[in-house]
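Take a look at the structure below.
What follows is calculated from the coordinates using simple rules that are stated; it is not laboratory data. It should be emphasised that the depicted structure is a prediction, and the values quoted were computed from it without experimental measurement. Reconstructed Cβ throughout: ideal geometry from the backbone, glycine too, with neighbour counts over all protein chains shown.
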Amino acid sequence: MRDIYLDNSATTRILPEVRDAMIRMMELDYGNPSSMHRKGMDAEQMIRQAREEIAATLKVDEKEITFTSGGTESNNLALIGTAMANRRAGMHLITTAIEHASVSHTMDYLESQGFEITRLGTDEKGRISLEELEKAIRPDTILVSIMMVNNEIGTIEPVEEIGARIKAINPGVLFHVDAIQAYGKMIIRPRRWKIDLLCVSGHKIHGPKGSGFLYIRDKVKVHPIIFGGEQQKGLRSGTENVPGIVGLAIAARMMYEELESHVEKMYRCREILIQGLEKLPGVTINGAEGTGAAPQVISASFEGIRSEVLLHSLEAEGIYISAGSACSSNKQQHISATLQAIHLDRKLLDCTVRFSLSIFSTEEEMEETLQVLEELLPKLRRYVRK
């Protein structure tokens, strides 16, 4: 059997067009964009063009795009930079109990610095309560941070309505969205949805690792968290990763040029996989149904089989999945905060895995995966301790 890669929420295979452009950049167009000579000016022009291409996917101004090393840095800059820049207006922040570690751990840090954090719960599908959010907003609230697509269960939060409600209560409250699992899979309109800060990672959309960006609405105050050469208007110092930035822009453009067909294909594969999983004994699907979830993420619990056991058993068959968020579960036992927040049965907390698709996933791969699982599960359950 050929390898079947179903861990695309952890990282994706780079697009050939991205690879070729990056190789050309590293071999020929390798100038430092801060240099005054022609090679430097060429590199600077490539960054400018990349910024314009990315801004076009969001219908925002190119000056509102800041390049980073990826989603974690983007979220850290958005949260720490905004909190520090606006703390005279208040010390209260709002987030959810199901955020990615790059948000939740950053909120923990801000809490240690004297900020007060309200963490909203969710229902059993992973959706926040808009009414609970409205009640949580106070006169000293300066920022609300809510992810658009949960990286473990795929549930989509209604960020457009969230933005409208936040601004109706207090237009001064800033709205930050972690869109790392949403960008490239759905249309996002920050201005129309009243989003002030939005974070994206390149390697989730078939771009290079070490690339990402932060959208910052014009006039929003953000303090830098990296200091040095004053690149990118002093907000993010350090020599720009020109090959990564160019590769990121190509990936972004290609994902959005074929967005409708990509999404349709992933939803079709997702439905085949879910329907097959639901027919297997002792399997529970977590998160929202249908288009209430992102097209690429499927969370499933296999009663009586620990996630690590299932992961490695499938790996032996050439099928690659995840035991949860790669950033949270790497090399250590980790009980997911998201699964606890949706009140998943305790006996399933360490029996849950994530299948995640990409534009390269096929219906045949879904059928092959289901066939392997059908043969594998009875064997694994024979070894369950009584």
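Among rounded, prolate and oblate, which fits the range 67-202 when a ≥ b ≥ c are the square roots of the eigenvalues of its C-alpha gyration tensor, a/c under 1.5 means rounded, and a/b larger than b/c means prolate?
It comes out rounded by the Cα gyration axes.
Can you give me the three principal axis dimensions of the chain from its C-alpha atoms, in Å, biggest first?
That gives 66, 53, 35 Å along the principal axes, largest extent first.
Work out, step by step, the length gained on full extension between R306 and T239: first 0.36 nm times the residue separation, then minus their alpha carbon distance; give nm to one decimal.
Full extension of this stretch gives 19.7 nm more.
Over the chain, with a Gaussian network built from C-alpha contacts below 10 Å, which listed residue (P295, P243, P139) shows the highest mean-square fluctuation?
P139
I'm checking a number: the convex hull volume of the Cα atoms of the range 88-146, normalised per residue, in Å³. What is it?
70
How would you rank 65-71, 298-304, highest first, on the average number of other Cβ atoms within 10 Å across their residues?
65-71, 298-304
Equivalent ellipsoid semi-axes for the range 9-69, as square roots of 5 times the alpha carbon gyration tensor eigenvalues: give them largest first, rounded to whole Å. All intermediate terms of the calculation are to be shown ahead of the outcome.
Values: eigenvalues 91, 71, 19 Å².
Equivalent ellipsoid of the range 9-69: 21, 19, 10 Å, largest first.
What is the Cα centroid distance between the range 336-386 and the range 36-52, reported in whole angstrom?
Centre-to-centre (Cα) distance: 46 Å.
In nanometres, what is the gap between the two model label sites at D218 and E257, each 7 Å from Cα along Cα-to-Cβ?
2.9
Translational diffusion coefficient of the range 127-261 at 4 °C, 1.567 mPa s, Stokes-Einstein with Kirkwood Rh over Cα pairs, in µm²/s as a whole number.
80
So what's the gap between the Cα centers of the range 167-232 and the range 59-97, to the nearest angstrom?
Cα centroid to Cα centroid, the span is 7 Å.
What is the list of residues in the range 238-268 whose amide nitrogen lies under 17 Å from a point 7 angstrom out from the Cα of E17, following Cα to Cβ?
Counting only backbone N, you get 244-263.
Within the range 4-34, which trypsin sites (Lys or Arg not before Pro) sit in a loop by DSSP and count at most 16 neighbouring Cβ atoms inside 10 Å?
R13
Pairing the Cα long axis of helix 259-279 with the longest principal axis of the chain, what angle in degrees results, from 0 to 90 and rounded to the nearest 10?
Computed tilt is about 30 degrees.
How large are Rg and Dmax for the range 1-151 when only the alpha carbon atoms are used, in Å?
20.2, 60
Which lysines, on any chain, are close to K221 with Cα under 30 Å apart, when same-chain ones fewer than 8 places away are left out?
Qualifying lysines at Cα under 30 Å: K59, K63, K135, K167, K185, K194, K204, K209, K233.
Go ahead and collect, in residue order, the members of the range 174-211 whose backbone nitrogen is under 15 Å from a label point 7 Å along the Cα-Cβ direction of A164.
189-195
What FRET efficiency, computed as 1/(1 + (r/R0)^6) with R0 = 56 Å and r the Cβ-Cβ distance, is obtained for Y109 and R2, rounded to the nearest 0.05?
Efficiency, from the Cβ-Cβ distance: 0.80.
Give me the distance in nm between label points sitting 7 Å out from Cα along the Cα-to-Cβ direction at R382 and M84, one decimal.
5.9
Quick one: angle between helix 242-257 and the longest Cα principal axis of the chain, in degrees between 0 and 90, rounded to 10, please.
For helix 242-257, the angle is close to 60 degrees.
For H105, what is the net charge nearby, where nearby means another residue's Cβ is under 14 Å from its Cβ and Lys, Arg count +1, Asp, Glu -1?
-4
Mind jotting down the three principal axis lengths of the range 217-282 based on Cα atoms? Whole angstrom, largest first.
57, 30, 25
Can you compute the FRET efficiency between E364 and I187 using 1/(1 + (r/R0)^6), with r the Cβ-Cβ distance and R0 = 51 Å? Round to the nearest 0.05.
0.95
Report the Stokes-Einstein translational diffusion coefficient (µm² s⁻¹, integer) for the range 227-386, Rh taken as the Kirkwood radius over Cα pairs, at 4 °C with viscosity 1.567 mPa s.
Values: Rh = 18.0 Å.
Result for D is 72 µm²/s.
Rounded to whole Å and sorted largest first, list the principal axis extents of the Cα atoms in the range 175-243.
Principal-axis extents of the Cα atoms in the range 175-243, largest first: 35, 30, 15 Å.
For D61 and E131, compute 0.36 nm times the residue count separating them, minus their Cα-Cα distance, and round to one decimal in nm. All intermediate terms of the calculation are to be shown ahead of the outcome.
Working: separation 70, 0.36 × 70 = 25.20 nm, distance 3.24 nm.
Computed gain between D61 and E131 is 22.0 nm.
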